[in-house]
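All remarks here apply to the structure that follows.
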Amino acid sequence: MEPIIQLKGVSKQYGEKEVLKNVNLDIMPGQIIGYIGPNGAGKSTTVKILTGVIQDYTGTVMVNGRDIRENLLGVKQLIGYVPELADLYDLLTPNEYLHFIGALYNMQDDVVTERAKRILDSFGILENFDQRMDSFSKGMRQKVLLTAGIIHNPSIVILDEPMSGLDANAVIVVKELLQMLKQDGKTIFYCSHMMDVVEKVSDRIVLIDKGTIIANDTIEALREGGNQSLESIFAEKTSTGDLNRSAGSIAQALHD
């Protein structure tokens, strides 16, 4: 089986700062990849490259056997993307916004309406289908973004902090949904700082730090026979100081 996503020698600089350093990564179809790392590690840059937002990088990115630079629109048709921070068109309703997204993917109006209503009903906000989104909470906006990311039934779903702002029930729905999408043969590229969720849903964990992949394996292999949590492994591989001491220093500062 060939990888559905391949990064070969991918590097990216912003001025003098090298954000990605010769990244090589193969992702197989039907896997959930937990892509984690500290702030500034290169996660968002990787996502922007995979989604075609950033194109001035060195190296090669292949999606479903096609070079993303040479087949940008074709690759985008295969991908559903839920960004961490996105500006919705506040004056639109979910109905209008999702039909706009559907039109970008050449979807028929009746298909968009049917899927949108069923997904938003599962998220508990169908009653807001024709309500302007300028009054929506962060969680409600996130549910609309999640709907927009999967409404065209993509082969690859890229999620950047998808649980942000969601209530507990919606988090459960999304975790179950990820497993169902995987069973349907879809590939999930999942970026998050919520280590407990990443640990539970991911087939493989890819840990990036300072632009370099420093771990790429199953959670069982990363534990090396122990029973460490992903949070502990993350801290062990990326922290250069004593985290307990750092927390203590912050608490002490409040009393000094």
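Please go through region 44-68 and give me each residue that is of a type outside the set (Phe, Trp, Tyr) and assigned to a loop (DSSP other than H, G, I, E, B), ordered by number.
First, the residues of region 44-68 that are of a type outside the set (Phe, Trp, Tyr): 44-56, 58-68.
Within region 44-68, THR51, GLY52, VAL53, ILE54, GLN55, ASP56, ASN64, GLY65, ILE68 meet the criteria.
Quick check on ALA41: is it crowded, with 19+ Cβ neighbours inside 10 Å, part of a loop (DSSP other than H, G, I, E, B) and under 18 Å from the mean Cα position of the chain (by Cα)?
The answer is yes for ALA41.
Taking the criterion of being assigned to a loop (DSSP other than H, G, I, E, B) and over 15 Å from the mean Cα position of the chain (by Cα), the residues of region 69-102 that qualify are ARG69, GLU70, ASN71, ASP87, LEU88, TYR89, ASP90, LEU91, LEU92, THR93. If you filter region 205-231 down to residues that are on the phi < 0 side of the Ramachandran plot and either modelled with pLDDT under 85 or assigned to a loop (DSSP other than H, G, I, E, B) (or both), you find that the one that is farthest from the chain's Cα centre (by Cα) is GLY226. Just give me the residues in region 168-192 being in a loop (DSSP other than H, G, I, E, B) and loosely packed, with under 15 Cβ neighbours inside 10 Å, in sequence order. Result: ASP184, GLY185. Pairs are defined by a Cβ separation below 9 Å, a sequence spacing of at least 6 or placement on different chains, a first member in region 211-226 that is surrounded by 13 or more Cβ atoms within 10 Å (Cβ to Cβ), and a second member that is part of a helix (DSSP H, G or I) and β-branched (Val, Ile, Thr); the pairs so defined are GLY211/THR45; ILE214/THR238; ALA215/ILE233; ILE219/VAL198; ILE219/ILE233; LEU222/ILE233; ARG223/ILE233.
The values are calculated or read from the model by the stated rules, or taken from the named source; none is laboratory data. This one's a predicted model, so the numbers in the text were calculated from it and none came from an experiment. Counting neighbours? That spans all protein chains shown, and the Cβs are built from the backbone with ideal geometry, glycine included.
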